[in-house]
Amino acid sequence: MQTIFFKGTPCHTYGEVPAAGEKGHCYHLVDQDLQDFQCTKYAGKRVVLNVFPSLDTPVCATTVRRFNKEAAALENTVVICVSMDLPFAAKRFCTAEGIDNLVVASAFRSPLFGQKYGVQIVDGPLAGLLARAVIVLDTDRTVLYDQLVDEITNEPDYAAALSVLK
């Protein structure tokens, strides 16, 4: 269990975010077209997991826009933006924003994603949603970088996350 904050109020997550050097768990998610996929879909690619509570918040939307822009320049890398949002909302957001350099995915069918990656919020006003985190996985799912953002209303450290990919 890790402590994070939502507007200064302490909240907690289930488990721990895997640390750099550890093996990342295989994940099962749903894309914006309601298709299930798992970690094997991107075998041999580096993966940036941009995890957040909901696209319906300004900071979460900003992270998706920023990673969409940055992802275009990354070789052999896929950015997967993960929330509990329904795929319909993700598709609507991506269409409206012209998001096309990354994958927007939902963990709504796979609550184990949040538990295995230590990002499921278990108490406070956002209980049941995912915390804000960035986890960078190498081609074999070894964690290269991890950041659980302490204050949910803050953006992650983009430069630090992307620096491990250059």
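The values are calculated or read from the model by the stated rules, or taken from the named source; none is laboratory data. Keep in mind that what you see is a predicted model, and the values were worked out from it rather than measured. FYI the Cβ positions are ideal-geometry reconstructions off the backbone, even for glycines, and counts take in every protein chain you see. We work out accessible area using only protein heavy atoms, side chains counted, and drop any ligands, DNA or RNA first. Shrake-Rupley method; radii C 1.70, N 1.55, O 1.52, S 1.80 Å.
Does Val164 count as β-branched (Val, Ile, Thr) and either surrounded by 15 or more Cβ atoms within 10 Å (Cβ to Cβ) or in contact with a Gly (Cβ under 9 Å, 6 or more places away or on another chain) (or both)?
When the stated conditions are applied, Val164 does not pass them.
Identify all residues within the range 4-28 that are open to solvent by 70 Å² or more (accessible area, probe 1.4 Å) and part of a loop (DSSP other than H, G, I, E, B); write none if there are none. Answer for the range 4-28, where residues must be open to solvent by 70 Å² or more (accessible area, probe 1.4 Å) and part of a loop (DSSP other than H, G, I, E, B): Lys7, Tyr14, Glu16, Glu22, His25. Determine if the range 40-48 includes at least one residue that is over 24 Å from Ile152 (Cβ atoms), part of a strand (DSSP E or B) and touching a Ser or Thr at 6+ places or on another chain (Cβ under 6 Å). Among the residues of the range 40-48, at least one is over 24 Å from Ile152 (Cβ atoms), part of a strand (DSSP E or B) and touching a Ser or Thr at 6+ places or on another chain (Cβ under 6 Å), which makes the answer yes. The set of residues in the range 102-141 that are at pLDDT below 95, aliphatic (A, V, I, L, M) and open to solvent by 40 Å² or more (accessible area, probe 1.4 Å) contains only Leu112. Quick check: is even one residue across the range 86-95 under 15 Å from the mean Cα position of the chain (by Cα) and polar (S, T, N, Q)? No: zero hits. Selection within the range 96-120: residues that are within 17 Å of Thr57 (Cα to Cα) and among the β-branched types (Val, Ile, Thr). The member of this set that is nearest to the chain's Cα centre (by Cα) is Val104.
Counting only residues that are of a type in the set (D, E, K, R) and in contact (Cβ under 8 Å) with a residue 60 or more places away in the chain, which one in the range 39-55 is most open to solvent (accessible area, probe 1.4 Å)? Restricting to residues being of a type in the set (D, E, K, R) and in contact (Cβ under 8 Å) with a residue 60 or more places away in the chain, the top hit is Lys45.
Note on the range 135-161: residues that are farther than 14 Å from Val51 by Cβ and in contact with an Asp or Glu (Cβ under 6 Å, 6 or more places away or on another chain) total 1. In the range 150-166, of all residues being assigned to a loop (DSSP other than H, G, I, E, B) and under 14 Å from the mean Cα position of the chain (by Cα), the one that is farthest from Ile121 (Cα to Cα) corresponds to Asp157. Within the range 56-101, the set of residues being within 27 Å of Ile4 (Cα to Cα), in contact (Cβ under 8 Å) with a residue 40 or more places away in the chain, open to solvent by 10 Å² or more (accessible area, probe 1.4 Å) and of a type in the set (A, V, I, L, M) comprises Val59, Met84. Taking the condition of being in a strand (DSSP E or B) and touching a helix residue (DSSP H, G or I) at 6+ places or on another chain (Cβ under 6 Å), how many residues in the range 89-133 meet it? Here the count works out to 4.
Scanning the range 52-73 for residues that are of a type in the set (Gly, Ala, Ser) and in contact with a strand residue (DSSP E or B) (Cβ under 8 Å, 6 or more places away or on another chain) turns up Ser54, Ala71. Of all residues in the range 8-29, those satisfying the criterion of being among the small types (Gly, Ala, Ser) and closer than 15 Å to Thr142 by Cα are Ala19, Ala20, Gly21, Gly24.
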